[in-house]
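Working notes for the structure below.
The values are calculated or read from the model by the stated rules, or taken from the named source; none is laboratory data. This structure is a prediction, so every number in the text was calculated from the model and none was measured. Backbone-built Cβ (ideal geometry, glycine too); neighbour counts: all protein chains shown. With ligands, DNA and RNA removed, areas are computed over all heavy atoms of the protein, side chains included. Shrake-Rupley method; radii C 1.70, N 1.55, O 1.52, S 1.80 Å.
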Amino acid sequence: MKTLKLTFISSVIMFMSISLVAQPKPWIVPTNFKTMKNPVAVSETSTKTGQALYTKNCASCHGKAGLGDGVKARALKDFPGDFSKAEFQGQTDGDRFYKTKTGRGEMPKYEGKLADNDIWNIVNYMKTFKK
Ligand code: HEC
């Protein structure tokens, strides 16, 4: 009986550590979004608009420079990601657009909250986080 209990407890601990180590979960983006062409050309106007919207809507979690260190980040279960890393900068504009539009878990969904063109402006701004 004692061994059974111990086995149970250790499997619970094992399961919990596996789910912690398994971060970050891969985020599958549908091909039609992945290859989507950004309709908003990179320009000073677009980047400035994107910056204002990012600061207002996203910086609280993602941090002013996109490092994932916003004031709300500590209270999140999932790390919001480091936007200066090659892993993020290597994504397509469509990947970022899709993730922002649809959200997942603690990442809010911005569909209906931000116009598509404004999401593209933010996508253009997020490209400036490259180190
Ligand atoms: C309440 C906190 C919060 C806010 C506000 C927020 N995010 Fe997120 N975001 C997250 C979290 C947490 C994740 C990681 C989600 C996951 O992987 O399941 C994430 C992930 C992302 C990703 C995917 C990152 C990657 O590495 O693939 C993008 C892109 C993104 N957010 C953009 C934005 C944009 C743009 C805004 C503002 C319009 C925003 N987020 C606002 C919490 C937030």
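Residues in the range 23-41 that are more than 16 Å from the chain's Cα centre (by Cα), under 18 Å from PHE88 (Cα atoms) and open to solvent by 80 Å² or more (accessible area, probe 1.4 Å): 3 in all. Residues that are without any contact (Cβ under 8 Å) to a residue 24 or more places away in the chain and open to solvent by less than 30 Å² (accessible area, probe 1.4 Å) within the range 62-79 comprise HIS62, GLY63, GLY68, GLY70, ALA73, listed in sequence order. In summary, helices (runs of 4 or more DSSP H) completely within the range 42-131 and bearing 3 or more residues that are over 26 Å from ASN32 (Cα atoms) occur at 44-57, 59-62.
Against the condition open to solvent by 20 Å² or more (accessible area, probe 1.4 Å), acidic (Asp, Glu) and more than 10 Å from the ligand (Cβ to nearest atom), how does ASP82 come out, does it pass? So ASP82 fails the test.
On the stretch given as the range 107-122, residues that are open to solvent by 40 Å² or more (accessible area, probe 1.4 Å) and either over 13 Å from the mean Cα position of the chain (by Cα) or more than 9 Å from the ligand (Cβ to nearest atom) (or both) total 8. Considered as a group, the residues in the range 53-65 that are among the small types (Gly, Ala, Ser) and within 9 Å of the ligand (Cβ to nearest atom) include one that is nearest to PHE129 (Cα to Cα), and that residue is ALA59. Total residues in the range 85-106 satisfying the condition of being over 13 Å from PHE129 (Cβ atoms), surrounded by fewer than 17 Cβ atoms within 10 Å (Cβ to Cβ) and in contact (Cβ under 8 Å) with a residue 24 or more places away in the chain: the figure is 4.
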